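Report on the following structure.
The values are calculated or read from the model by the stated rules, or taken from the named source; none is laboratory data. Computed from a predicted structure; not experimentally measured. Every residue, glycine as well, gets a Cβ built from its backbone with ideal geometry; the counts of neighbours run over all protein chains shown.
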Amino acid sequence: MPVLSFQLANVSFAIDLSVGHLVHFTVAEDGRVLSPLHRAPWVDDPDAVFEETTPPNVRRLSGDFFCAPFGRNDIEPGPTHGWPANSAWSHSGTDETEDRLTAVFTLDRKVMGATIEKRLSLRAGHPFLYQEHLLSGGEGAISVAHHVMVQMSAGGHLAVSPKAFACTPDEALEPEAARGRSILAYPAETRDLASFPLADGGAADLGRYPPGERHEDFVTLAEAASEDPHMTLGWSVASRNAENDRVLVLKNAAQLPVTMLWISNCGRDYAPWSGSHAGVLGIEDARASGAGHADSIRPNLLTERGIPTAYTLSEGQSISVRQAIGTCSIHESEGDVNGLAIGSGEITLRFATGRERSLTFDDGFLAGR
């Protein structure tokens, strides 16, 4: 499979051009190489077994990929999560200087008539991968999402920007007991992320991973409306126990107003999952309904509350969707993350212990500057 790798100073990434998935993203820090993203074990197994209907995005499941549409592809014919996550991309070129690298890729197919360009950037001294997707032209409404996957082999802590509520869809990911199992209640909703209803009547803390054993679950977190319209930063920070690092996923909350959590912890029993896909947390920032493309472009649970779930494509117009992934080690005595703030040229992590830590970051990127 065509995999291209790029590096600038101590940061690198690789992309699988057959499906547009990130193969890896790494940051060298203090003698360690941090590699936060998940790659499914069957991707590199030549003897892996798949059901005939397994889409390319599952066969090549890696790191992060861009979805257009997100989830069920029930408007235009196509696989789940759309052609950007399931078909070939071409490398259009790389712009590199001493302190900046930007690799550009173009989806070989069109989505609802739109051309999609992927721009992946590294900046010297920044422990981040900056991603931008440009949707140009086309016609109709489209949902979009990133599909970041973090490997948490011994669990960890998840901190997120303020949310209005968390909810599950009408039906569990695996409603058939012969194929898998879930533990959250479906449908259910709460404003307290530390106490999400379980199917058995208990409650799970969504800030602690995993919330249970041998389960496959999906929950949508809606960004809280801010009193300050300029405060549009949405964020998730996964702190990993065994790996002793943190994974930062940053977005413009006005662009991507929900974060969908996919909890994949040995909850599917059919190939290629086979009950062994363990310790994976999907952090899926989206402008979408979790129920698929058709639901995203009609009135739904989210739009009824003023939360947009699609973009409108039009000829002569371009839509830019930006997101950043970063990582850093965990320092002794920091404790759990309980806040994050963006400043001039940096992102600052705030901890329950009262300590703070800043990372170099392009504070204009998510705002489109």
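Summary table
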read-out	value
Criterion violated by Arg179 - all others in (1) surrounded by fewer than 22 Cβ atoms within 10 Å (Cβ to Cβ); (2) over 23 Å from Arg60 (Cα atoms) satisfied	(2)
Test: residue in the stretch 70-85 that is of a type outside the set (Phe, Trp, Tyr), part of a strand (DSSP E or B) and either surrounded by 16 or more Cβ atoms within 10 Å (Cβ to Cβ) or modelled with pLDDT under 95 (or both)	no
Residues of the stretch 274-291 satisfying the condition of being surrounded by 20 or more Cβ atoms within 10 Å (Cβ to Cβ) and in a loop (DSSP other than H, G, I, E, B)	Gly279, Ala288, Ser289, Gly290, Ala291
Test set (1) surrounded by 14 or more Cβ atoms within 10 Å (Cβ to Cβ); (2) of a type outside the set (Lys, Arg); (3) at pLDDT 95 or above - Ser358 fails condition number	(1)
Pick from the stretch 86-97, criterion in contact (Cβ under 8 Å) with a residue 12 or more places away in the chain and in contact with a strand residue (DSSP E or B) (Cβ under 6 Å, 6 or more places away or on another chain), ranking: surrounded by the most Cβ atoms within 10 Å (Cβ to Cβ)	Trp89
Residue within the stretch 276-288 that is in contact with a strand residue (DSSP E or B) (Cβ under 7 Å, 6 or more places away or on another chain), modelled with pLDDT under 95 and not aromatic (Phe, Trp, Tyr) present	yes
Among the candidates Ala324, Ala294, residue that is under 22 Å from Gly82 (Cα atoms), at pLDDT 95 or above and either under 17 Å from the mean Cα position of the chain (by Cα) or among the hydroxyl-bearing types (Ser, Thr, Tyr) (or both)	Ala324
Members of the stretch 293-310 found to be touching a Ser or Thr at 6+ places or on another chain (Cβ under 8 Å) and not acidic (Asp, Glu), listed by number	His293, Ser296, Ile297, Asn300, Leu301, Leu302, Thr303, Thr309, Ala310
Given (1) of a type in the set (Phe, Trp, Tyr); (2) surrounded by 18 or more Cβ atoms within 10 Å (Cβ to Cβ); (3) in contact with a helix residue (DSSP H, G or I) (Cβ under 7 Å, 6 or more places away or on another chain), index of the condition Phe13 fails	(3)
Wholly enclosed strands (runs of 3 or more DSSP E) of the stretch 182-254 bearing at least 3 residues small (Gly, Ala, Ser)	233-240
Matching residues, the stretch 194-219, being surrounded by fewer than 20 Cβ atoms within 10 Å (Cβ to Cβ), touching a residue at least 12 places away in the same chain (Cβ under 8 Å) and either under 22 Å from the mean Cα position of the chain (by Cα) or more than 24 Å from Ser239 (Cα to Cα) (or both)	Ala194, Ala199, Asp200, Asp205, Gly207, Arg208, Gly212, Arg214
Residue check, Gly326 among the small types (Gly, Ala, Ser), under 24 Å from Phe65 (Cα atoms), loosely packed, with under 13 Cβ neighbours inside 10 Å and out of contact with any Lys or Arg (no Cβ under 8 Å at 6 or more places or on another chain)	no
So Ile319, is it out of contact with any Phe, Trp or Tyr (no Cβ under 8 Å at 6 or more places or on another chain), surrounded by 15 or more Cβ atoms within 10 Å (Cβ to Cβ) and either under 20 Å from Asp217 (Cα atoms) or at pLDDT 95 or above (or both)	no
Per-region count, the stretch 29-61, residues more than 18 Å from Met149 (Cβ to Cβ) and either surrounded by 12 or more Cβ atoms within 10 Å (Cβ to Cβ) or out of contact with any strand residue (DSSP E or B) (no Cβ under 8 Å at 6 or more places or on another chain) (or both)	10
